[in-house]
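Data first, discussion second: the structure below is written as structure tokens.
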Amino acid sequence: MPGVHDIEGFREVVLFDFVVSGDRAFTYGLTAREPMAVPRSSRLYRLVEEGLGDVVYSYYEPTLMNNLYYVIVYGVKDPDKVVGKIEELIMERPSDEELGFARERIMARLSFSMDAPSKLGQLYGLSQLFTGNPNAVTKAIEDATRLGSDEYMDFASKSLSSPIIITYR
């Protein structure tokens, strides 16, 4: 996944994550180190619905340089099927409805993240540290809502050519 040094790539990561995982708090830093169980409305939850696993988590952590995207699946019955299904879910073109839902959640999470001074400080601090501009990360998150299905598909295709960590038990 692109690091924050690639702010355009970072905004693509935001849209990718909200389409694939369904939701994510923008509390980057120490409070974001725990994987998040994906909501039932997410693409990754289809693994549970189809009986390929019992619980699905995902996370990524913005860093200056490129980083990894993690998918953790517990109760895996067939690892090869799980990996294949994750690739299929990532490469599925998002519908207008799915993109609209992702955009709404991105903006809702961003509003919530800017509601408390400590959360806002995390966003501004991370942005200042990585880009020299305290507003760059917030702007990239807002800009993620302007991306369409073509940008998602381009990014998804690139993401599968770089490591995505899939852990299963």
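Brief remarks follow.
- Count of residues meeting criterion [in contact with a Phe, Trp or Tyr (Cβ under 7 Å, 6 or more places away or on another chain) and either part of a helix (DSSP H, G or I) or surrounded by fewer than 18 Cβ atoms within 10 Å (Cβ to Cβ) (or both)] in region 6-24: 6
- Failed condition for G121, given (1) out of contact with any Asp or Glu (no Cβ under 6 Å at 6 or more places or on another chain); (2) touching a residue at least 24 places away in the same chain (Cβ under 8 Å): (2)
Residues checked against (1) within 25 Å of F155 (Cβ to Cβ); (2) aromatic (F, W, Y); (3) touching a Pro at 6+ places or on another chain (Cβ under 8 Å):
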site	(1), (2), (3)
N66	yes, no, yes
V76	no, no, no
D96	yes, no, no
G100	yes, no, no
L126	yes, no, yes
T131	yes, no, no
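- Any hit, region 95-104, residues being under 16 Å from S42 (Cα atoms), touching a Ser or Thr at 6+ places or on another chain (Cβ under 7 Å) and assigned to a helix (DSSP H, G or I): yes
- Enumeration of residues in region 48-78 that are part of a loop (DSSP other than H, G, I, E, B) and either modelled with pLDDT of 90 or more or crowded, with 20+ Cβ neighbours inside 10 Å (or both): E50, G51, L52, G53, D54, P62, G75, V76, D78
The values are calculated or read from the model by the stated rules, or taken from the named source; none is laboratory data. Worth saying up front: this structure is predicted, and the values here are computed from it rather than measured. Positions of Cβ are generated from backbone atoms using ideal geometry, with glycine treated the same way; all protein chains shown enter the neighbour counts.
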